[in-house]
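The block underneath contains the structure these notes are about, expressed in structure tokens.
The values are calculated or read from the model by the stated rules, or taken from the named source; none is laboratory data. Only a predicted model underlies this, so the values are computations on that prediction, with no experimental measurement involved. Heads up, the Cβs are rebuilt from the backbone with ideal geometry, glycines too, and the neighbour counts pull from every protein chain shown. Accessible surface is based on the protein model in full, side chains and every heavy atom, while ligands, DNA and RNA are left aside. Shrake-Rupley method; radii C 1.70, N 1.55, O 1.52, S 1.80 Å.
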Amino acid sequence: MKIISVVGARPNFMKIAPFIKAINEYNNNYTESEKKEAIEHILVHTGQHYDDRMSKSFFKALKIPEADINLGVGSGSHAYQVGNTMMEFEKVLQCEKPDWVVVVGDVNATLACSVTAKKEHVKLCHIEAGLRSRDMQMPEEINRLVTDRLADLLLTPDQLSIDNLKAEGARSDQIDFVGNIMIDTLLNNYDEARMIDLADVIKNNIIEDTRTNIPDFGKEPFAAITLHRPSNVDHEEILVALTDFIVNEITRDRYVIWPIHPRTKNKMMEFDIWDKLVTNEKVFVLHPLAYHQMLRLSMGADIMLTDSGGLQEECTVLRIPCLTLRWNTERPVTLKENGGACMLVGNSVEKIRKAYHESLKLNKEDVKIPQFWDGKTAERCLEAILNY
Ligand code: UD1
């Protein structure tokens, strides 16, 4: 069997790492003893993310082999990224003729390669199927809907996703409940992350700052922040208000550590708020962090403020209070009312302020880890493909 799996952007890398590991283990453990055919695997990187800190560092940290093929698509509008990826990926499929294309998550690479695979009559498997925010302003929602409509095999992270897929007409025999593959990566790397000294993370990643006097973050409380969604960072009045709240109010009772996405940094410079952020004594602005460093940061934070999809899930597993700076989420299983650690607060400062104090009171024992978020999802994904 020949499988092509696809990655493009940062959140894809932690999802593909355990899948590749499962293929390698299958090839090493079973093929000889049970006379099964080995799986031929090809990794395609579309090149949507290309900076070392957004891509290469994850390959290295998660021991992902270098991509066999890089489509070199890079940055651009959605149509540019999707169109160019489709044209390049079509050539790969025509040359390699795989049995399966496996896509993960909801980025532009996921959409582009799903459409191309089906047009080339190749079976398509989507890992992380069925998540829905029902927000059509969100590019990822469009990517999720199209991918799931086309996929032959829909592998879901939770029960709610199965309900979503069935409501849209997917057949039961297309759906397999496998759990959350990104949590495989979290559990595989937890011990290594735990050993990291946060002061080193700050010293090695701080931007435009030479502070050597780093507080003892084993004792000093801090909030971790990540923001990158166009809905939060592309509008001046929203980004300025959020930054003011973080710099003027959160710093009253704790430090702030903020690894910054290139898109957000560019916007802050454009809106003239960058200097205010990097010169605040209680704020540490960092480059995008490598996988283990980010995990260590999340583990040590007493609160997370984020618009990331994956961090909502990681905070739930780590039982770290999390304010989700969005008006909706495709991951309702992470919300406090459903047993998670997160509260949906949108981007209105008034709402965030109120929830901030409430969220800090989270009783960790109330957080329930969702079913099958157990570190064995990748094996279940591979099994589902082999049994299809
Ligand atoms: C993409 C995904 C989003 C995911 C996010 C994680 C889509 C539609 N969006 O958004 O779901 O949560 O990745 O980061 O696929 N840039 C660099 N270096 C890079 C990559 C990007 O400087 O290596 C800058 C460029 O200015 C680029 C901008 O960041 O235009 C946005 O990158 P892009 O890949 O278009 O989308 P993200 O906002 O990263």
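A compact table of results
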item	result
Dipole of the chain, positive direction: furthest Cα of Leu295, Cys95, Ser33, with charges on the beta-carbon	Leu295
Å² per residue, accessible surface of the chain at 1.4 Å	43 Å²
Sparsely packed trypsin sites (Lys or Arg not before Pro) within the range 304-388, loop by DSSP, other Cβ within 10 Å at most 14	Lys361, Lys368
The range 198-267 - percent relative contact order, Cα under 8 Å, separation 6 or more	39 percent
The chain shape via C-alpha gyration tensor axes, a/c threshold 1.5	prolate
Only Lys, Arg (+1) and Asp, Glu (-1) charged, at Cβ; the range 242-388 dipole about Cα centre in debye	100 debye
Neighbour-limited loop hits for trypsin sites (Lys or Arg not before Pro), the range 229-275 (at most 16 other Cβ within 10 Å; DSSP other than H, G, I, E, B)	Arg254
Check: the chain dipole with +1 on Lys, Arg Cβ and -1 on Asp, Glu Cβ, in debye	200 debye
Normalised contact order of the range 1-139, rounded percent, pairs of Cα under 8 Å and 6 or more residues apart	29 percent
Relative contact order, percent, the chain [alpha-carbon distance under 8 Å, six or more residues apart]	16 percent
GluC sites (Glu not before Pro) lying in DSSP loop within the range 172-273, provided at most 16 other Cβ fall within 10 Å	Glu208
The chain - percent of accessible surface contributed by carbon and sulfur, probe 1.4 Å	47 percent
Peptides 279-292, 21-34, 76-89 ordered by average Cβ neighbours within 10 Å, highest first	279-292, 76-89, 21-34
For the range 275-350: rounded, prolate or oblate by the Cα gyration tensor [a/c cutoff 1.5]	oblate
Entries of Lys267/Lys354; Lys60/Lys282; Lys123/Lys166; Lys15/Lys63; Lys56/Lys123 with Cα pairs more than 22 Å apart	Lys267/Lys354; Lys60/Lys282; Lys56/Lys123
Estimated 222 nm signal from helices in the chain, with DSSP H stretches of n ≥ 4 weighted -39500 (n - 2.57), rounded to 500	-13000 deg cm²/dmol
Helix 108-119 axis, angle to the chain major axis (alpha carbon atoms, nearest 10°)	10 degrees
Cysteines without a disulfide-compatible neighbour (Cβ-Cβ under 4.7 Å), the chain	Cys95, Cys113, Cys125, Cys381
